[in-house]
Amino acid sequence: MTDTLGVRPTSTPPPRPASDAPAGRRTPGWMSHPVVWPLLALIALIVVNVVATPDFLDIRIENGGLFGNVVDIARNSAPLILVAVGMTLVVATRGIDLSVGAVAVIAAAVACTRIAAAPDEGAVTTVVMAVVWALGASVLLGLWNGLLVSVFGIQPIIATLVLMVAGRGLAMLITDGQITTVQDGAFSSLASGIVLGLPVALLIALAVVVVTALLTRRTALGMLVEAVGINPEASRLAGVSARTIVWTVYVFAATCSGIAGLIIAANTNSVNANSLGLWIELDAILAVVIGGTALTGGRFSLAGTVVGALLIGTLTRTIPNLGIPSEANYLFKALVVIVVCLLQSSRARASLLGLRHRRPTTRKAARS
């Protein structure tokens with residue numbers, strides 16, 4: 001039977017349910033987890049090191065502490081883990097902090113100059129007061145960044161770029177342009193100390209990660225941070241004080257950077273305003289991106305950030321272990337970041353793994 005136009009009506013078949021789609025065209029759910037691909041890349045780097053150096057994973061006990069390549073990587077990655085954790089919350093609010101390296105060197109400069117000028121340089125109280133002054137300076141710098149971003153509405157990349165440029169100059173003023181050295185065992189223990197067989201620097205980083213995870217996942221703070229990052233205006237209308245949240249994360253990021261600066265300075269018992277923490281802000285951003293936190297704000301992954309920081313630390317150790325000149329460090333780092341980010345992209349992953357959906361051929365809805 002035809003209608004008045006002589007066209008036989010046809011019924012359009014109902015769409016195929018998602019569960020009926022061909023199995024070969026669907027991406028497994030585990031591939032979309034933000035930690036999977038950085039973790040696989042980390043394991044791949046470890047395998048490469050084991051092939052190049054069979055005793056790479058060997059761990060020995062000396063003087064009550066654990067020593068070995070893996071322990072060294074974890075200890076050397078502690079400052080980057082600290083900075084990257086603070087950067088994660090900043091990025092989650094749709095911001096960025098380019099001043100973390102400057103904050104680290106200022107904190108180190110404040111601590112070292114106070115220790116060097118103290119009457120009793122080796123006293124524990126001297127170190128405690130120097131650390132308090134250094135962290136106090138970090139908090140003030142975080143308040144400055146938060147003021148520019150949340151109160152005056154300056155773009156985060158511009159607001160923190162101001163301190164990134166001026167921060168090392170301020171550190172040079174504090175140290176009078178000289179490399180300040182200290183001789184204090186308590187201060188050195190921040191980097192070389194051992195507790196329960198593990199490096200103190202690693203334990204400090206893990207403590208900060210655990211506390212941050214508890215505050216952001218066991219309280220409403222994490223949800224508020226994500227809400228501000230997804231839609232600041234909507235969160236404000238919902239009663240969330242976006243200004244307070246943004247201010248808080250910048251202060252937290254600066255505090256983490258200050259702790260990282262103290263560990264870096266304690267590792268050499270000195271502070272060089274020109275080189276301490278140089279480009280650590282870029283490594284922190286790479287660790288955050290590798291860990292699966294989007295630079296557009298919203299949901300974040302602290303576990304992914306930690307894995308990303310360990311991946312960068314392992315890559316730094318892998319390059320000289322393979323006999324490759326250290327000058328190629330940044331090249332290989334960029335290559336690894338590109339590969340991991342492509343694997344995290346569902347579209348790129350589908351193309352690489354042959355999972356692209358084919359557009360079904362359209363049928364003629366009517367036939368003359």
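The values are calculated or read from the model by the stated rules, or taken from the named source; none is laboratory data. A quick note: this is a predicted structure, and the numbers were derived from the prediction, not measured. Counting neighbours? That spans all protein chains shown, and the Cβs are built from the backbone with ideal geometry, glycine included. Just the protein is used for accessible areas: all its heavy atoms, side chains included, with ligands, DNA and RNA removed. Shrake-Rupley method; radii C 1.70, N 1.55, O 1.52, S 1.80 Å.
Of all residues in segment 276-284, one or more are surrounded by fewer than 21 Cβ atoms within 10 Å (Cβ to Cβ) and either part of a strand (DSSP E or B) or touching a residue at least 40 places away in the same chain (Cβ under 8 Å) (or both). Taking segment 285-311 as the range and being surrounded by fewer than 24 Cβ atoms within 10 Å (Cβ to Cβ) and part of a loop (DSSP other than H, G, I, E, B) as the test, the residues that pass are ALA294, LEU295, THR296, GLY297, GLY298, ARG299, SER301.
Looking at segment 155-172 only, could you name the residues that are of a type outside the set (S, T, N, Q) and crowded, with 20+ Cβ neighbours inside 10 Å?
PRO156, ALA159, LEU163, GLY167, ARG168, ALA171
Quick grid of which residues meet (1) at pLDDT 90 or above; (2) surrounded by 17 or more Cβ atoms within 10 Å (Cβ to Cβ):
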| residue | (1), (2) |
| --- | --- |
| ILE174 | yes, yes |
| ASP184 | no, yes |
| THR212 | yes, yes |
| ARG218 | yes, no |
| PRO232 | no, yes |
| ILE245 | yes, yes |
| ALA253 | yes, yes |
| ILE263 | yes, yes |
| THR268 | yes, no |
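Selection of first residues in segment 33-54 that are at pLDDT 90 or above and open to solvent by 60 Å² or more (accessible area, probe 1.4 Å) and of second residues that are hydrophobic (A, V, I, L, M, F, W, C) and part of a loop (DSSP other than H, G, I, E, B), restricted to Cβ pairs under 8 Å at least 6 apart or on distinct chains, gives the following pairs, ordered by first then second residue: VAL48/LEU322.
Residue pairs whose Cβ atoms lie under 7 Å apart, separated by 6 or more positions or on different chains, with the first residue in segment 317-333 and more than 13 Å from ASN69 (Cβ to Cβ) and the second of a type outside the set (A, V, I, L, M, F, W, C) and modelled with pLDDT under 80, are ILE319/SER326; ILE319/ASN329. Applying a threshold of 9 Å to beta carbon distances and a minimum spacing of six or more residues, or different chains, the list of pairs starting in segment 154-176 at a residue that is farther than 20 Å from ALA111 by Cβ and ending at one that is open to solvent by 70 Å² or more (accessible area, probe 1.4 Å) and part of a helix (DSSP H, G or I) reads ILE154/VAL162; ALA159/TRP144; VAL162/TRP144.
Is it the case, given these coordinates, that PHE152 is more than 24 Å from the chain's Cα centre (by Cα), open to solvent by 70 Å² or more (accessible area, probe 1.4 Å) and aromatic (Phe, Trp, Tyr)? Answer is yes for this residue.
Screening SER270 with (1) over 12 Å from THR93 (Cβ atoms); (2) out of contact with any strand residue (DSSP E or B) (no Cβ under 9 Å at 6 or more places or on another chain) gives one miss only, at (2). If you go through segment 186-199 and keep only what is over 18 Å from VAL105 (Cα atoms) and open to solvent by 30 Å² or more (accessible area, probe 1.4 Å), you end up with ALA186, SER189, SER192, ILE194, VAL195, LEU196, LEU198.
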